[in-house]
Amino acid sequence: MRLTSQDRRMLEGDYGEGAAIAMQVLVGIGEAFDAPHLVDVSRTHVALSNQDGDRWFAEKLADAGAVSRVPPTVNPGFNVAYFKSRYDLDQQAAEEMRRTHDAYRRLGARLTYNCTPYLELNIPRQGEIVAFSESSATPYVNSVWGARSNRESAQSALCSAITGRTPLYGLLLDENRAGQVVVDVRGQLVDEFDYHLLGWYVAKRIGSHVPVFTGIPRDVSPESLMNLGAELNTAGACPMYHIVGVTPEAPTLDAALGGKPAIDRILVTEDDLRSQREELSEPSGRIEFAMLGCPHLTLAQLSKIAATIKGRHFAVEFFVLTSFATREQARRMGLLDQVERAGGQVVADTCPDQPCWRHLMGKRGVTDSLKCSYYTRRRAQSYVLRSVQDCVEAAIRGEA
Amino acid sequence: MARQEIQLRCRRVVHGRASGELLVSGDDICFYLVNPDDGVVIDKGHDLEGHSVAGKVLVFPNGKGSSVVQLDGLYQLGAKGNLPAAMVVGTLDTVLVACAVILEIPTVTGVDLAAFNDVEDGMVVTVDADRGLIVSEG
């Protein structure tokens, strides 16, 4: 791989040991993928996870003096102060989150602790070359915004944040962005929950090909697109999709396919989505909590919840996970009050797959997110899968 | 019975040279679903379920899993000294490559994995990523 003199100086340690480690990782990835050279990135997002491996690598870079040239927004761990004040938070868990926070702060990251930066905090424009990890974020910036990111790992994105560079390969190149499989959606997609189901179902059917959707309405909501990408890239490795007439690289079916014939075509019906839900959901019945916000809920979703619950009360614990920015807006608008008066909690900076949820172990909840249900299995949480509105009703009744 | 021998050309992904018993999988691997204490695969229905990857030359088609869990899985294996000695991978993905680079696991690609179909697990091979060679020992 060809390196500029600045790349080479960084690799050799002229910019400090931390930058050298980051550059070594990117050069290794570039050589593995036969990239001709590195290119600049204008934005980065790191899927901070607060797991041991994540913390180890962030501390290793920070201890070696690395500082971000393109400061990344970061995914949530959990809100230590919030859980300390309300639950019996494990001392060790609190200490580990504190160390993760400290490491990313030393790296100069933007401590947004939010998994939907593409909606409010870190939005690229079409054609920008970026390094975005996080399963819902990579497809959104590629597909909806038309920016260019590979399916980064948290660590490769962090290395790009530190060096400001990424190898030129994969989805940064025109020829790899074209759609390959046509997905014809027949039937009505009622709300954003159906896009959770659609994403999961399609990922299982098409493997790692780039799908081109037809039959999705032009006024599809940002929340629906967020859910679609999250599930496509969780159930499968699918960091890019097209929707004819909606996404910027798909004005027509032919354009989305890059002028080539599709290698396959699949149909999706309402029945397929219903059976996908039945396959993954716990059976109907009593629930002990509701978990919404994987990915983090938007202000529009939170407003709808607040309007639904006016004067009513939840029978079980009700959690909405969202960004600090959305929570603050909701507070100013009085929405936070409404949710709290109903006995619900709106929690910022927090992911469902974190050790702060120890009190939910062995419990059965309701969620709209297949991703949430999938990743929390190892925390012994189980879920009935319903739309956001049905989750709200279920939490009021105590039964889904 | 004639002793099996293999000598294959491959392409370097992460430099280094390591030897170990071959362990061949036809399924993609998520290292989060491997027990760090003994390296045993616990992914339900995986063709290596119940087998340990520790110290092995691990041959598999591709990685799988989100952008964060793969590193944590491999990191935990490393902390317990149970990483594979080397990896021979069919198709590369960014997440797996980044992990292999960061944890310095000798890794190669560019081999037709069908070459391993008739090879018995347990055969000892050396992977020399820098010279682009996989050779049986003895």
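The values are calculated or read from the model by the stated rules, or taken from the named source; none is laboratory data. Please read these numbers as outputs of a predicted model, since none were measured by experiment. Cβ placement follows ideal geometry from the backbone for every residue including glycine, while neighbour counts extend to all protein chains displayed.
Structure summary
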| read-out | value |
| --- | --- |
| From B:GLY73, B:GLY78, B:GLY90, residue being surrounded by fewer than 24 Cβ atoms within 10 Å (Cβ to Cβ), in contact with a Gly (Cβ under 8 Å, 6 or more places away or on another chain) and among the small types (Gly, Ala, Ser) | B:GLY73 |
| Some residue of segment A:216-225 being buried (at least 21 other Cβ atoms within 10 Å of the Cβ), touching a residue at least 60 places away in the same chain (Cβ under 8 Å), within 24 Å of the chain's Cα centre (by Cα) and within 30 Å of B:THR91 (Cβ to Cβ) | yes |
| Top-ranked residue in segment A:55-94 [being in contact with a strand residue (DSSP E or B) (Cβ under 9 Å, 6 or more places away or on another chain) and part of a helix (DSSP H, G or I); ranked as farthest from A:GLU12 (Cα to Cα)] | A:ARG86 |
| Number of the condition not met by A:ALA20 [criteria: (1) more than 9 Å from chain B (Cβ to nearest Cβ); (2) touching a residue at least 60 places away in the same chain (Cβ under 8 Å); (3) within 19 Å of B:HIS15 (Cβ to Cβ)] | (2) |
| Test set (1) under 12 Å from the mean Cα position of the chain (by Cα); (2) closer than 16 Å to B:VAL41 by Cβ; (3) facing another protein chain (nearest Cβ under 10 Å) - B:GLY73 fails condition number | (1) |
| Those residues of segment B:56-70 which are more than 14 Å from chain A (Cβ to nearest Cβ) and in a loop (DSSP other than H, G, I, E, B), in sequence order | B:LYS56 |
| Members of segment B:1-55 that are within 14 Å of another protein chain (Cβ to nearest Cβ) and either among the small types (Gly, Ala, Ser) or in a strand (DSSP E or B) (or both) | B:ARG11, B:ARG12, B:VAL13, B:VAL14, B:GLY16, B:ILE29, B:VAL34 |
| Which listed residue, of A:VAL25, A:VAL41, A:VAL46, A:VAL70, is in contact with a Leu (Cβ under 7 Å, 6 or more places away or on another chain) and either within 14 Å of chain B (Cβ to nearest Cβ) or in contact (Cβ under 8 Å) with a residue 60 or more places away in the chain (or both) | A:VAL46 |
| Residue within segment B:86-101 that is outside any strand (DSSP E or B), touching a residue at least 40 places away in the same chain (Cβ under 8 Å) and more than 10 Å from chain A (Cβ to nearest Cβ) present | no |
| Qualifying position, being modelled with pLDDT under 95 and either over 25 Å from A:SER149 (Cβ atoms) or within 12 Å of another protein chain (Cβ to nearest Cβ) (or both), among A:ASP54, A:ASP63, A:ASP88 | A:ASP88 |
| Selection status of A:ARG205, more than 14 Å from chain B (Cβ to nearest Cβ), charged (D, E, K, R) and out of contact with any strand residue (DSSP E or B) (no Cβ under 8 Å at 6 or more places or on another chain) | no |
| From the options A:ARG55, A:ARG69, residue that is more than 30 Å from A:ALA300 (Cβ to Cβ), in contact with a helix residue (DSSP H, G or I) (Cβ under 6 Å, 6 or more places away or on another chain) and basic (Lys, Arg) | A:ARG55 |
| Members of segment A:312-333 found to be in contact with a His (Cβ under 8 Å, 6 or more places away or on another chain) and part of a helix (DSSP H, G or I), listed by number | A:THR326 |
| Subset of segment B:39-70 that is of a type in the set (D, E, K, R) and touching a residue at least 12 places away in the same chain (Cβ under 8 Å) - its residue that is surrounded by the most Cβ atoms within 10 Å (Cβ to Cβ) | B:LYS56 |
